[in-house]
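Student: This is the structure I want to talk about, given as C-alpha cells.
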Amino acid sequence: MSAATAGPAGATAGGVPAVAIRGLRVAYGSAVVLDDLELTVPAGTALCVTGANGAGKSTLLRCATGLQAADAGTIRVFGRPPGRSAAFWRDVATTVENPGWYSGLTVREHAELIRLAHGADPADGALDKLFDLLGLVPLADAAPLTLSSGQRQRFLLAAVLARPSRLLVLDEPEQRLDTDIKPVVAELLRTYVAGGGALLMASHDPEFAAEVGGERLTL
Ligand SMILES: Nc1ncnc2c1ncn2[C@@H]1O[C@H](COP(=O)(O)OP(=O)(O)OP(=O)(O)O)[C@@H](O)[C@H]1O
C-alpha cells in the first residue's frame, strides 16, 4: 500500500503532463495494493517506480495504460483518460501487455512493419542502428516465438523504440538482459527522454534506474 507524490513541482509548466494520477486506489478483494497514490510525469521526464515484489508496480502501470480499471482516483494521459483507442496507443508504447506476433514474419520484418504502420521510414537506418545496439542483428531472420526470454526482451524494447511515441510505459525493462546490454538500454531511454518523450517505468535494479535518470517513486 502506498501514498506518494512524484514529479517535479510545476510539472505542468510546459503543458499538459504525459501522466497525471490522483487518489489512485486499487484493491484485490480485501487487499489494498495502491491507496491514494499520486504521481505526475511531465513530457521530457522519466519516473521510475520501485518497490518490493507485490508492491503494486505492475498494477500501477496497467492502470496508467488503461489496461486495468482502478477502484478510485483519476488517471490522465496527455489530459485524457487512458483507453483502448487507436489514438491513445499512437501516443503510448508499452511492454506492459505482451503483443502478439505474426507467425510468418521475422524479427526484422516485425520491426519494419511497426515502423511503417506508424508513418516512419523502415529503411532510413534507424532500425539498423537499433538492431545493432540491442544485439538483434544475428536474430533478424528468426521467428519471434523462437527467441529466448532475454532475446525476446531485447526485441520487445526494439519494437517500442522503433516507432514514434510520446510516452513509454515499461515494466522492468532491465529484466533478463545481459549486463552489457543494460547500459545500452539505459542510454536509449535517456535519449528518448532528452528528445521530449515521457517515460514511466518500473524497475528492480537501482543501478539501471540511476543510469536512466529522472525521478523515483517507491511503493
Ligand atoms: N489479478 C489479481 N488478482 C488478485 N491479486 C492480484 C492480481 N494481480 C496482482 N495481484 C496482487 O497484487 C499485488 C501487487 O501485484 P503487482 O504485480 O502489481 O506487484 P509488483 O510490484 O509489480 O510485483 P513484482 O515486483 O513481483 O513484479 C500482489 O500481492 C499480487 O499478488
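The values are calculated or read from the model by the stated rules, or taken from the named source; none is laboratory data. Keep in mind it's a predicted model, so treat the numbers as computed, not measured. Neighbour counts are summed over all protein chains in view; Cβ atoms, including those assigned to glycine, are modelled from backbone coordinates with ideal geometry. The accessibility values were calculated without ligands, DNA or RNA, using every heavy atom of the protein model including side chains. Shrake-Rupley method; radii C 1.70, N 1.55, O 1.52, S 1.80 Å.
Student: Please go through segment 56-98 and give me each residue that is farther than 20 Å from A158 by Cβ, touching a Phe, Trp or Tyr at 6+ places or on another chain (Cβ under 9 Å), touching a residue at least 40 places away in the same chain (Cβ under 8 Å) and assigned to a loop (DSSP other than H, G, I, E, B), ordered by number.
Tutor: F78
Student: Looking at segment 198-215, can you tell me whether even one residue there is within 16 Å of the ligand (Cβ to nearest atom), at positive phi and not in a strand (DSSP E or B)?
Tutor: Checking segment 198-215: not a single residue is within 16 Å of the ligand (Cβ to nearest atom), at positive phi and not in a strand (DSSP E or B).
Student: Can you tell me which residue within segment 145-184, out of those that are among the small types (G, A, S) and open to solvent by 20 Å² or more (accessible area, probe 1.4 Å), is nearest to A117 (Cα to Cα)?
Tutor: S165
Student: While we're here: Only one of (1) under 18 Å from the mean Cα position of the chain (by Cα); (2) part of a helix (DSSP H, G or I); (3) within 23 Å of V193 (Cβ to Cβ) is not met by L170, so which one is it?
Tutor: So L170 meets the others, but not (2).
Student: Hey, any hits in segment 74-91 for a residue that's among the hydroxyl-bearing types (S, T, Y) and surrounded by 15 or more Cβ atoms within 10 Å (Cβ to Cβ)?
Tutor: There is no residue in segment 74-91 that is among the hydroxyl-bearing types (S, T, Y) and surrounded by 15 or more Cβ atoms within 10 Å (Cβ to Cβ).
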